[in-house]
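The values are calculated or read from the model by the stated rules, or taken from the named source; none is laboratory data. All figures in this text were calculated on a predicted structure; none of them were measured in a lab. Glycine gets a Cβ as well: all are built from the backbone with ideal geometry, and neighbour counts include every protein chain shown.
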Amino acid sequence: MIKLLPYQQEYMEHTTRNFVYDMDTGTGKTYMGLYHWRHYYPESPLLIVAPASKINEQGWNRTIDELLDDVEFEAISYNKLAKDWQKYRGYFVIFDECHRLKNSTGKWGKAGFNLTRIADGFILLSATPTPNNWEDMINYFKMFKLTPNKTQFLKKHAVTINRFGYNEIVDWNQTDVIEAQWKSISRRLNKSEALELPPLVFQDVLFKASPVYKRIQKTRMLDDDTPLDNMMSLRHGLRVNTNMKDKSDYLKEFLDGTKENVLVFYNYDLELEQIKKSIPKGKNVFVCNGHEKHYPKKNEWGDVENSVTIANYKSGSEAVEFTYTTVIVYFSPTESYTEFYQSYGRTHRMGQTDHVTAYKFITQATIERDIYRALDNKQDFNIKLWEQEV
C-alpha cells in the first residue's frame, strides 16, 4: 500500500491523468509515480522507462517490492524503448528522467512520443524537465497535444535571425501563453516546500559486484597477474574494483538530472578521474583534496548553482564548509566513522537553509557492504574482523 505524505497528497490534487512531475531530488517522485498509476490507471499494465544505469541499479524494483504485493511490471531502458516501443500498446508508462525525451527529432524522443500515442496513459518524472529553454519543451507539448509539431511551435513562438544561412533563435513570443500551457500539464515542487521531509535523508543506491572484483576475490590477483599477497593490498584491490563503471554511469545520469549543488565524496585518485569524466558539460566544478582546494567562499555561496564539488574524505570532512550544497553522493565509503560523520556535517550544519539528501553508493556482496554496516553502527570498519571473514 502506498501512503503519501501530506505535501505529496496536496501535490496530487493538482495532477491530471497524464502529467509532468517536476520535483526536486529526494521529494519522492518514485512513490508519486506509482501512486499516480494506482489512482488513475489501476487496470493498465505498468511500464517504467528509465536510463540504463537506473534500470541496472533496480531501485524501481525494490520500491515496488516494498510498497506493492504481486505487481507485474516491465522496466526498460531508453535504448530499448527506441527499438520496442510498439510492444507496449495499452500500458501506463512512467518516463523516469524524462529530459531524455527532450529532443523531438532524436530516437528516444520519437519513440517516447510514439508510445504516448498508443499507451493508456503516461507521466513524466524529472527534477530538470526544462534544462535549457522552450525549444526543449516541444516534445512534451506534442505528447500533451498542445502543439502539432516542432515547425508550428517555432513558427508561432520563436524569434529568429538569419546568421550564416541558419535561423538562430534569439527570443520567444507569447511566453505567457507557453508558461500557462506548461503549468496546465506540470507542477514544480522544490525540496524546500516539502516541509515533512527530515532535514537529512539517506538513500542507498545499490550495485552488483563487477566481474573483476569477483575474480580478485577468488584468485587474489589483479588482471595483470600482480599478486595481492597481503591483506592491505587485497583490501585496496577489492575496494578500487567493486564496480566503478556502473557507479560512474549512474552518477552521470544523476548529475544530468538535477540542477542542485551536489557534493561527491571519494577515496582514491582513480575514483576522482572517473567522477570528473561523469560530470556533464555546463556544470560548475569545484575540487577539495590534498592537491587542489578550489571551492566558493562564504560570500559567494548565494551565486553558486548547478555545481558539483568533489572532495576526498581527508580534506573535505573537516575544517571546510559546503553548505551551498544540498545533495551528497558517497561514491565510496570511508573506513572511519569520524570522517563519515564529519563529511555530512560539512553540508548539514548551522547555516544550511535547505533539506539535504545523501546517496550512499553501495556495491552489494562486497567489502563496501561490510564498511557501511560498521558506519551505520557508528563504528570504524574493523579490518581484523574482515580479515577473519576472507
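Identify the single condition in (1) surrounded by fewer than 15 Cβ atoms within 10 Å (Cβ to Cβ); (2) touching a residue at least 24 places away in the same chain (Cβ under 8 Å) that residue 168 does not satisfy, given that it satisfies every other one.
(2)
Look through 70, 84 and report the one residue that is farther than 30 Å from residue 4 by Cα, assigned by TED's automatic domain parsing to the domain that holds residue 22 and without any contact (Cβ under 8 Å) to a residue 12 or more places away in the chain. Can you show your working first?
Values: 70 fails: farther than 30 Å from residue 4 by Cα.
It is 84.
How about the stretch 328-356: which of its residues are of a type in the set (Lys, Arg) and in contact with a helix residue (DSSP H, G or I) (Cβ under 7 Å, 6 or more places away or on another chain)?
Step one: filter the stretch 328-356 for residues of a type in the set (Lys, Arg), giving 346, 349.
Hit for the stretch 328-356 is 346, nothing else.
Please state which of the following conditions residue 96 fails to meet, knowing it meets all the rest: (1) surrounded by fewer than 20 Cβ atoms within 10 Å (Cβ to Cβ); (2) touching a Lys or Arg at 6+ places or on another chain (Cβ under 9 Å); (3) in contact (Cβ under 8 Å) with a residue 40 or more places away in the chain.
Failing condition for residue 96: (1).
Can residue 245 be described as outside any loop (DSSP other than H, G, I, E, B), under 17 Å from the mean Cα position of the chain (by Cα) and closer than 22 Å to residue 371 by Cβ? Full working, then the answer.
Values: outside any loop (DSSP other than H, G, I, E, B): yes; under 17 Å from the mean Cα position of the chain (by Cα): yes; closer than 22 Å to residue 371 by Cβ: yes.
So residue 245 fits the description; yes.
To keep it simple, each residue is scored yes or no on (1) in a strand (DSSP E or B); (2) closer than 25 Å to residue 348 by Cβ; (3) touching a residue at least 12 places away in the same chain (Cβ under 8 Å).
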| residue | (1), (2), (3) |
| --- | --- |
| 214 | no, no, no |
| 234 | no, no, yes |
| 239 | no, no, yes |
| 249 | no, no, yes |
| 253 | no, yes, yes |
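Could you tell me which numbered condition residue 143 fails, if it satisfies all but one of (1) more than 23 Å from the chain's Cα centre (by Cα); (2) surrounded by fewer than 21 Cβ atoms within 10 Å (Cβ to Cβ); (3) not β-branched (Val, Ile, Thr)?
It fails just one condition, (2).
Pick from the stretch 99-120 the residues that are under 13 Å from residue 20 (Cβ atoms) and touching a strand residue (DSSP E or B) at 6+ places or on another chain (Cβ under 9 Å): which of them is modelled with the lowest pLDDT?
Pass one, the stretch 99-120, residues under 13 Å from residue 20 (Cβ atoms): 99, 101-102, 112, 116.
After this cut, where a residue has to be touching a strand residue (DSSP E or B) at 6+ places or on another chain (Cβ under 9 Å) as well, the list is 99, 101, 112, 116.
Numbers: 99: 90, 101: 94, 112: 98, 116: 98.
The qualifying residue modelled with the lowest pLDDT is 99.
Go through (1) assigned to a helix (DSSP H, G or I); (2) under 17 Å from the mean Cα position of the chain (by Cα) for residue 259 and report which single condition fails.
Looking at each condition in turn, residue 259 falls short on (1).
Give the residue that is surrounded by the most Cβ atoms within 10 Å (Cβ to Cβ), with candidates limited to residues of the stretch 51-75 that are touching a helix residue (DSSP H, G or I) at 6+ places or on another chain (Cβ under 7 Å) and assigned to a strand (DSSP E or B).
75
Looking at the stretch 201-222, can you tell me whether even one residue there is on the phi > 0 side of the Ramachandran plot and either within 19 Å of the chain's Cα centre (by Cα) or not hydroxyl-bearing (Ser, Thr, Tyr) (or both)?
The answer is yes; a qualifying residue exists.
Taking interchain pairs and intrachain pairs at least six residues apart, which have beta carbon atoms under 7 angstrom, with the first residue in the stretch 106-132 and under 14 Å from residue 81 (Cα atoms) and the second part of a helix (DSSP H, G or I) and of a type in the set (Gly, Ala, Ser)?
107/82; 108/82; 111/82
So, of the residues in the stretch 276-297 that are under 17 Å from the mean Cα position of the chain (by Cα) and part of a loop (DSSP other than H, G, I, E, B), which turns out to be farthest from residue 240 (Cα to Cα)?
Looking only at the stretch 276-297, we keep the residues that are under 17 Å from the mean Cα position of the chain (by Cα), and these are 276-283.
The next check asks that each one be part of a loop (DSSP other than H, G, I, E, B); those that pass are 279-283.
Working: 279: 20, 280: 23, 281: 26, 282: 28, 283: 26 Å.
Ranking the candidates gives 282 first.
Among the listed residues 273, 305, 300, identify the single one that is surrounded by fewer than 19 Cβ atoms within 10 Å (Cβ to Cβ) and in a loop (DSSP other than H, G, I, E, B).
Values: 273 fails: in a loop (DSSP other than H, G, I, E, B); 300 fails: in a loop (DSSP other than H, G, I, E, B).
Among 273, 305, 300, only 305 is surrounded by fewer than 19 Cβ atoms within 10 Å (Cβ to Cβ) and in a loop (DSSP other than H, G, I, E, B).
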